[in-house]
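Just so you know, all these numbers are worked out from the coordinates, no wet-lab data involved. Bear in mind the structure is a predicted one, so any value in this text is a computation, not a measurement. Quick reminder, even Gly has a Cβ in these numbers, built from the backbone with ideal geometry, and neighbours come from all protein chains shown.
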């Protein structure tokens, strides 16, 4: 496999790993906040002022949870998706270049029968590369969408805990 393709695949893998690590951190925060919420809910007080103070913790933990999500999850997912998008742009440009080369080789074959076997083999290899680049583009789009969806899901779960 060519160095360019290998590098682009590595960028996709690293972007996914970066996003997945942030999502795992978000899941950990949700679990922590679920436990905190259960503790808040288990507080049994009679005095209205004391009850009000204890209930104010809901808002405090909600805001802290949203801030942690923004910093630890969403910003990391956004950064990973930005890296993935830049990589996808380079992959798309190279796919276009390879498609153009394959078309020119096809035209060469229709011009003369000299070296037709070699030209056909090169064209076939280039068409395979086009397919690989298209697969990388689709994989990147899928990863970006999954990371964003999962990040928003975590945020929704945090919000629902304290509302």
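Given contacts defined as C-alpha pairs under 8 Å and at least six residues apart, what's the relative contact order of region 26-122, whole-number percent? Don't skip to the end; give the middle numbers.
On the way: 23 pairs, mean separation 20.3, N = 97.
Normalised by residue count, the contact order of region 26-122 is 21 percent.
Quick one: order 61, 35, 133 by neighbouring beta-carbon count within 10 Å, fewest to most. Walk me through the numbers on the way to the answer.
Details: 61 18, 35 10, 133 24.
Listing 61, 35, 133 from fewest to most nearby Cβ atoms yields 35, 61, 133.
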If one computes the Cα centroid of region 46-88 and of region 89-104, what distance in Å separates the two points? 42 Å
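Before rounding to the nearest 500, sum -39500 (n - 2.57) across all DSSP H runs of length at least 4 in the chain and divide by the residue total; then give [θ] at 222 nm in deg cm²/dmol. Present the calculation step by step, with values, prior to reporting the outcome.
On the way: 4 runs with 145 residues, N = 163.
The helix contribution divided over the chain gives -32500 deg cm²/dmol.
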For the chain the mean separation of alpha carbon contacts under 8 Å (6+ apart) over residue count, i.e. relative contact order in percent, is 39 percent
Mean projected area, convex hull of alpha-carbon positions in region 67-163, reported to one decimal in nm², is 7.0 nm²
For the chain, alpha-carbon Rg and Dmax in angstrom: 25.8, 96
